[in-house]
Amino acid sequence: MLFSVSGLRFPRVSPVYRYCASSFNGASTSCSLSLLLKKHHFSRRIFIEKSSSHSAFSSLTVAASKKVLDPGGQGDASSPMTDQLESPSTISEDPQVIHNVDSEGMEDEKKIEVEEQESFPSVFSNNDEEAHAEEPSVPLHRNASTEKTEAKPRSIPPPGAGQKIYEIDSLLLGFRDHIDYRYAQYKKIRKEIDKYEGGLEVFSRGYEKLGFTRSETGITYREWAPGAKSAALIGDFNNWSPSADTMSQNEFGVWEIFLPNTADGSPAIPHGSRVKIRMETRSGVKDSIPAWIKFSVQAPGEIPYSGIYYDPPEEEKYVFKHPHPKRPKSLRIYESHVGMSSTEPVINTYANFRDNVLPRIKRLGYNAVQIMAIQEHSYYASFGYHVTNFFAPSSRFGTPDDLKSLIDRAHELGLLVLMDIVHSHASNNVLDGLNMFDGTDAHYFHSGSKGHHWMWDSRLFNYGSWEVLRFLLSNARWWLEEYKFDGFRFDGVTSMMYTHHGLQVAFTGNYNEYFGYATDVDAVVYLMLVNDMIHGLYPEAVTIGEDVSGMPTFCLPVQDGGVGFDYRLHMAVADKWIELLKKRDEDWKMGDIVYTLVNRRWLEKCVVYAESHDQALVGDKTIAFWLMDKDMYDFMSLDRPSTPLIDRGIALHKMIRLITMGLGGEGYLNFMGNEFGHPEWIDFPRGEQHLPSGKVIPGNNFSYDKCRRRFDLGDANYLRYKGMQQFDQAMQHVEAKYGFMTSEHQYISRKDKGERVIVFERGNLVFVFNFHWHESYCGYRVGCSKPGKYKIVLDSDDLLFGGFNRLNHDVEFFSTEGWYDNRPRSLLVYAPNRTAVVYALVEDEPKATGNLQLTQNVKNC
């Protein structure tokens with residue numbers, strides 16, 4: 001297959017990974033130039049607290065409320081137990097909006113001793129700013145949009161007092177020195193940015209100065225590389241001559257060159273040209289892809305990628321036609337990967353995903369698509385997490401304009417588009433990544449072992465560096481501004497926030513684990529800054545942080561002293577399901593399931609999932625594969641008898657997903673294909689790998705057979721996969737109709753160990769789960785809050801969903817007065833084994849007597 005970039009035609013070759021070490025004329029050397037000038041530094045003092053008398057173990061979970069009956073949550077009993085999950089009415093429905101709080105609010109608070117810091121002048125001197133002042137430059141491939149009617153704010157409110165977090169969680173008072181120091185550092189950096197850069201709004205537009213920018217008279221290229229001794233721009237446009245276009249350096253280490261238009265007025269660098277920067281460094285001469293490059297490709301016969309000057313003619317640029325959808329109250333996210341989204345064993349394209357996968361996502365009832373592996377990564381099997389070019393969309397799937405077309409189509413369908421963004425680490429590649437970019441070990445990253453992630457084999461950013469802040473903040477804004485993404489899922493945030501990166505550490509919930517020497521305050525402050533920038537400039541944008549530690553204040557507004565994310569990814573739930581699936585049904589504890597699902601902080605929203613891409617990777621198993629194993633190969637066809645393993649697997653697959661969505665959070669995520677129990681695993685094409693130890697890891701002969709999604713299985717009328725897919729679709733639509741994930745009314749009335757039953761209310765819905773493997777309960781009484789008539793709105797035992805059709809959906813259920821399971825009223829229902837049923841209150845209907853309800857329920861038995 002050929003890949004075309006306006007005149008360039010590159011075969012789409014299998015992107016085989018080759019580790020590129022520091023091979024340019026010498027070994028790696030460290031350098032202390034982590035900031036603009038050596039004398040400028042951030043304070044790195046971190047406070048650690050003594051063990052508080054308040055253990056904080058019980059405070060890791062304040063399950064959506066300050067009141068939780070049975071706070072341990074793990075104690076099953078033969079008699080019903082009750083959890084109160086009433087959410088307070090003070091919860092903001094739009095917590096992402098940053099309110100303007102008096103920036104002097106901390107003046108009367110306890111003074112915090114902070115080390116004096118010297119100022120950070122801009123890397124652009126006055127001369128640099130004035131050099132081309134008469135020629136306004138713009139970043140490449142900006143385009144017009146039809147969203148002219150949208151009034152996007154372009155100012156970021158000043159910092160607030162940062163004290164409200166102590167009202168929300170009093171246990172934080174024992175760690176106030178550390179937390180106030182953290183907030184003071186955030187305020188100090190905001191002040192420095194305001195003073196020297198014109199504010200965070202301007203600072204986050206680094207792409208308008210660095211990298212390639214074009215004016216009416218020519219192209220300017222700038223690169224921050226203080227460790228380089230000389231630099232030249234090379235590429236197809238000048239026959240790769242290192243002497244043709246040499247660059248000059250300013251006092252802050254920024255190299256610059258201006259290329260005037262040719263005699264006929266055309267740009268000096270044609271669209272689609274390959275470009276690199278050649279630098280003489282203390283380690284030797286090296287060619288690198290520009291750090292701010294907007295597109296890169298792997299040319300035929302080459303291992304490292306090449307930067308592409310991407311600036312198509314106006315008539316070829318994609319113009320957005322549809323506005324951003326309104327942010328939904330509850331998120332139902334379809335996690336996806338463009339490359340593996342084809343049913344065929346090939347790398348799929350943005351265009352095919354746009355035309356074939358987006359309509360499927362919409363039809364299934366999801367309201368957001370989260371796309372992985374967007375940022376360019378030379379190693380395909382890294383799942384997009386070893387980023388080499390941070391501003392470039394992956395060329396494997398198409399052009400930048402193809403990606404814009406995909407996002408615009410999603411917006412037309414009413415889908416939010418979230419990007420899986422990687423700011424936690426970077427690829428170790430030297431030739432086509434940021435590693436050793438200017439020949440020094442400490443350019444964008446920490447030097448020495450501190451700058452290397454030993455498990456991921458990748459580089460770790462120095463979040464205390466001024467230019468790293470500019471780079472990462474601008475990167476987040478670039479994707480929102482240029483491509484119209486609706487938000488981000490920030491990857492690997494736990495690794496960022498702690499110097500131990502969460503490795504070989506078991507978080508117990510003790511607050512000493514969050515606020516001490518192990519905390520990387522620079523990284524936490526960066527997360528506060530990026531959330532501040534995103535929510536200030538794009539109030540409707542969504543930020544989700546992947547944090548497994550349970551960091552307090554993670555999802556509280558920056559103005560109040562929090563880190564500022566909208567949602568935490570509730571990662572413990574998936575681990576709990578895998579743990580249970582390794583046990584016998586008899587060993588499942590209802591209280592343990594409930595405790596894990598509700599174990600989240602008060603006022604901090606979570607996106608929950610039963611399984612994500614992690615569980616689908618080779619070496620692990622999906623829930624469906626844990627449940628049904630090899631029987632999936634032979635007994636999923638409807639024209640042959642099922643097996644007990646298949647029946648159990650299909651039933652529990654549906655129940656696990658529904659109870660996860662019902663209790664686990666305010667948002668829900670599913671990895672593509674898992675909604676119908678996609679068989680087998682994901683295995684990226686790879687060759688045999690020889691480790692330095694001499695061990696050989698077998699490859700798969702670069703096969704794409706298991707690097708795809710067999711959507712045809714979920715659509716096939718003759719396979720049992722379709723019933724599982726239709727249940728997931730019905731589940732999404734029920735949530736869309738009733739909004740139970742974000743309902744303020746939440747109450748768990750029963751978690752019975754002996755009967756294996758869980759009953760809870762969310763909004764006007766009553767959920768009844770019977771996990772027993774053979775016991776069904778006729779005339780089973782369940783508590784409810786509101787009086788009236790109830791009806792079945794979702795039944796996992798429905799024949800349409802691969803069930804046994806044991807419930808009569810025409811039956812009406814009327815509440816009867818009298819306390820039961822700590823509820824003022826109750827219903828009589830039929831609860832078949834391994835079945836989940838959702839009952840909805842029918843508003844404004846006449847009530848009936850208890851006897852009528854009992855008579856009608858008998859028909860179900």
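Just a few scattered comments:
- Relative contact order of segment 571-839, defined on C-alpha pairs under 8 angstrom at six or more residues apart (%): 17 percent
- Relative contact order (%) - segment 207-307, alpha-carbon pairs under 8 angstrom, separation at least six: 27 percent
- With every protein chain in place, segment 571-839: carbon and sulfur % of accessible area (1.4 Å): 50 percent
- Nearest-0.05 FRET efficiency for E314 and S785, computed from C-beta distance (R0 41 Å): 0.10
- Residue-by-residue Karplus 3J(HN,Hα) for segment 623-629, coefficients 6.51, -1.76, 1.60, Hz, glycine and proline x: 4, 4, 6, 4, 6, 10, 6
- Proportion of all alpha-carbon pairs of segment 571-839 beyond 25 Å (%): 47 percent
- For segment 329-570, averaging the sequence separation of C-alpha pairs within contact (under 8 Å, six or more residues apart) and dividing by the residue count gives a relative contact order of 14 percent.
- Computed 3J(HN,Hα) for segment 702-718, one whole-Hz value per residue from the Karplus formula 6.51 cos²θ - 1.76 cosθ + 1.60 where θ = phi - 60°, is 6, 7, 9, 4, 10, 10, 7, 10, 8, 4, 4, 5, x, 9, 6, 5, 9, glycine and proline marked x.
- Per residue accessible area in Å² of segment 329-570, where ligands, DNA and RNA are left out and the probe is 1.4 Å: 18 Å²
- When segment 674-789 is reduced to its Cα atoms, the Kirkwood hydrodynamic radius in Å: 18.8 Å
- Ordering of 298-304, 698-704 by packing [mean C-beta count within 10 Å, highest first]: 298-304, 698-704
- Put a plus charge on the Cβ of each Lys and Arg, a minus charge on the Cβ of each Asp and Glu, and nothing anywhere else: the dipole of segment 207-307 about its Cα centre is then about 280 debye.
- Probe 1.4 Å, accessible area per residue of segment 207-307, Å²: 34 Å²
- Counted charge near E335, where neighbours are those whose Cβ lies closer than 15 Å (Asp, Glu -1; Lys, Arg +1): -3
- The packing ranking of peptides 371-378, 771-778, highest mean first, is 371-378, 771-778, where packing means the average number of other beta carbon atoms within 10 angstrom of each residue.
- Sorted largest first, the principal axis extents computed over the alpha-carbon atoms of segment 643-741 equal 57, 34, 24 Å.
- Taking amide H positions as modeled 1.01 Å from N, with prolines and chain starts lacking one, the residues under 5 Å from Y790 and 5 or more places away or on another chain are F813, F814, S815, V842.
- Accessible area in square angstrom per residue, segment 571-839, 1.4 angstrom probe: 35 Å²
- Charge dipole of segment 539-636 (Cα centre as origin; +1 on each Lys and Arg Cβ, -1 on each Asp and Glu Cβ, all else neutral): 240 debye, rounded to the nearest 20.
- Here's the picture: a label point sits 7 Å out from the Cα of D177 along the beta-carbon direction, and within segment 478-520 the residues with their amide nitrogen under 16 Å of it are 512-519.
The values are calculated or read from the model by the stated rules, or taken from the named source; none is laboratory data. What you are looking at is a predicted structure, and each value in this text was computed from that prediction instead of being measured. All Cβ positions, even for glycine, are placed from backbone atoms using ideal geometry, and neighbour counts span all protein chains on display. Remember, those area values only see protein heavy atoms, side chains included, never the ligands or the DNA or RNA. Shrake-Rupley method; radii C 1.70, N 1.55, O 1.52, S 1.80 Å.
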